[in-house]
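Asker: The structure that follows is given in the form of C-alpha cells.
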C-alpha cells in the first residue's frame, strides 16, 4: 500500500509542479543556477568516467577476440555500440543518480528540515514549482552532457586501442564507422531525456516529502538513489523493447 | 484582527485542537502559550494555512480564509509575515537577498527601490553591515533579526512568530521581544507569537491565550496572568524556581 501511495503522490507532485508558476524573472535565474550545479558541475566526472570506461571496453573486447578470422576493426565497432547504446545513456545516468540525485534530495530535504519550504508556502509560493521545476528544466540539457560522454568514451577506446597495441588507428576508425545506424543516436537521446526527467523528479520527491531531521536526510538520499537506479533500469528495458525490437 | 471560532484539528483520529475560539487584536502582541504538546504549533500552522482543519473558521479582518478563492487566499498570504523558530533563512542567499526575496516575488519594484527598502528594514533591525553575509555566518540573534526583517519587508498586516526566543540568551531574547513589540506598534499590525518563554509573557504579552491539551484553558494579559487563580496557569507560570521565588517575595511583600 505504501508503494501505491508513493506512486500516486509522485504523480500528484508532478502535476502540482506545473501549477502556479513562479515569476519568470526569478525562475530564469533558478534555471541558470541549476544548469550550473547539475549539468556544468557534472561534466568533469562524466568526462573522466566516459574516457576510461571507453578504454576498458576496448581492452576487454580486444582481449576476447582471439580468433584470427574476426577482423580487428570489430574492436572499434563494439566500443561504439556499447558506448552509444548503453554506457553513455544508461550507466552514466546511474552514476548521476548518485551525484545529482543525492544533491537534489539532500538540498531539498535540508530545506524541509529547516522549515525553508514552509517559509515559501507561507509566502504563498508554490514550493514545488519553485524548487523542482527549474531542476527538471535544467536537466533537459543532460543529453548535451551525454553526447560529450559518448564522444569521450569512443576517444578513450581509441587511445587504449592504439597505445595498447590492440589494433591500428585505421582499423579502429573503420570500425566506429561500420554499419552506423543513425537511429541508435535518436534511441540513446530519447532514453537520456526520459532518464533526465527521472533524475530530477524522483530525488526531488524523496527530499520534498521527507520527515524527520538530519539523519533522515541521509536516509532519504540513499533511498532516492536506490529508487532512481531501479526506475532507470526498468525504463531502460521497456524503452529498448519499444524502440529497438 | 484575526478571529478564530471553534477550531478543531486531528491527526490520524487523535484530536489535537478541540474547539479553540479567540481573537487576536490589531496593533497588539498576542501570545499563545502552553506546555510542549499543548497544540501551540499546530494552532499556529492552522492560522498560517499550513494545516487544513476539520471544523471552525479563521477570519482575517472579517475574511473567512476557508471560504476564499485561491487568488484571494494568495492575497491574504501576501499580507502575512512569518518568523520561524529556526529562522528558516535561505542558505543559498545572502542576508540582503533573503530580505529582498518577498519583494522580488510579489512586487514590481525596480532593483534600486528594492535595495532601498532592504536597507531600510535592515537598519530597522540594527543590521546595517550584514548585507553580504550568508545566514550561516550570522549568530542566532542576527538570524532572528534577519527573519524579522524578511517578515516585515513587504509591509505585512499580520506577523506570526514561532518561538522567536528559542536558542537565544536572555539578553538577546529581550532585544528580539522589544523589536517585535516596537514593530507591532509602529506599523499597527496583528502580531501572534507562539512562546513558552516567561520573560516574553511578562514583557510583551498584551494578550495571552493559554492552551492545554488542545483547549483554551485561560485568556488574559501580562497584567492579569500573575493574579489569576486558574490552577493550570499558575502551575505553568510558577513552574521554575525563579518564578517560585518571585511569587514568594510578592506574597511576603503584601503581608
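The values are calculated or read from the model by the stated rules, or taken from the named source; none is laboratory data. Given the structure is predicted, the values throughout are model-derived calculations rather than measurements. All Cβ positions, glycine included, derive from the backbone under ideal geometry; neighbour counts span all protein chains shown.
Asker: Restricting attention to segment B:149-159, report how many residues are farther than 16 Å from residue B:123 by Cβ and surrounded by 22 or more Cβ atoms within 10 Å (Cβ to Cβ).
Answerer: Here the count works out to 2.
Asker: Still on this structure, please answer the following. Just for segment B:95-107: of the residues that are touching a residue at least 40 places away in the same chain (Cβ under 8 Å) and at the interface with chain A (Cβ under 9 Å from one of its Cβ atoms), which one is farthest from residue A:111 (Cα to Cα)?
Answerer: Ranking the candidates gives B:106 first.
Asker: Among residues belonging to segment B:72-94 that are at the interface with chain A (Cβ under 10 Å from one of its Cβ atoms) and in a helix (DSSP H, G or I), point out the one that is modelled with the lowest pLDDT.
Answerer: B:74
Asker: Return the total of residues in segment A:1-24 being surrounded by 12 or more Cβ atoms within 10 Å (Cβ to Cβ), within 14 Å of chain B (Cβ to nearest Cβ) and either closer than 24 Å to residue B:108 by Cα or free of Cβ contacts under 8 Å to residues at least 40 places away in the same chain (or both).
Answerer: 4
Asker: Is it the case that segment B:136-148 has a residue that's surrounded by fewer than 20 Cβ atoms within 10 Å (Cβ to Cβ) and outside any helix (DSSP H, G or I)?
Answerer: The answer is yes; a qualifying residue exists.
Asker: Report the residue count in segment A:50-77 for those that are under 30 Å from residue A:98 (Cα atoms) and without any contact (Cβ under 8 Å) to a residue 60 or more places away in the chain.
Answerer: 2
Asker: Step by step: first the residues of segment B:108-129, then only those that are surrounded by 14 or more Cβ atoms within 10 Å (Cβ to Cβ) and more than 24 Å from the chain's Cα centre (by Cα), then the one that is farthest from the other protein chains (Cβ to nearest Cβ). Which residue is that?
Answerer: B:115
Asker: Can I ask one more? Please enumerate the residues belonging to segment A:9-39 that are farther than 26 Å from residue A:192 by Cβ and not in a helix (DSSP H, G or I).
Answerer: Those that are farther than 26 Å from residue A:192 by Cβ and not in a helix (DSSP H, G or I): A:19, A:20, A:22, A:23.
Asker: Just checking, which of B:147, B:138 is within 27 Å of residue B:107 (Cβ to Cβ) and within 16 Å of the chain's Cα centre (by Cα)?
Answerer: Among B:147, B:138, only B:147 is within 27 Å of residue B:107 (Cβ to Cβ) and within 16 Å of the chain's Cα centre (by Cα).
Asker: Under 7 Å between Cβ atoms, at least 6 apart or on separate chains: pull out the pairs that start in segment B:120-147 with a residue that is without any contact (Cβ under 8 Å) to a residue 12 or more places away in the chain and end on any residue that is buried (at least 21 other Cβ atoms within 10 Å of the Cβ) and part of a helix (DSSP H, G or I).
Answerer: B:128/B:122
Asker: Right, residue A:27: within 14 Å of another protein chain (Cβ to nearest Cβ) and at pLDDT 90 or above or not?
Answerer: yes
Asker: Related question: Yes or no: residue B:165 in contact with a helix residue (DSSP H, G or I) (Cβ under 6 Å, 6 or more places away or on another chain) and either closer than 23 Å to residue B:98 by Cα or part of a helix (DSSP H, G or I) (or both)?
Answerer: yes
Asker: From the residues in segment B:45-67 that are within 12 Å of chain A (Cβ to nearest Cβ) and surrounded by fewer than 17 Cβ atoms within 10 Å (Cβ to Cβ), which one is farthest from residue A:120 (Cα to Cα)?
Answerer: My answer is B:51.
This table checks each residue for (1) in a helix (DSSP H, G or I); (2) within 14 Å of chain B (Cβ to nearest Cβ); (3) crowded, with 23+ Cβ neighbours inside 10 Å; (4) touching a helix residue (DSSP H, G or I) at 6+ places or on another chain (Cβ under 6 Å).
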position	(1), (2), (3), (4)
A:98	yes, no, no, yes
A:101	yes, no, yes, yes
A:135	yes, yes, yes, yes
A:154	yes, no, yes, yes
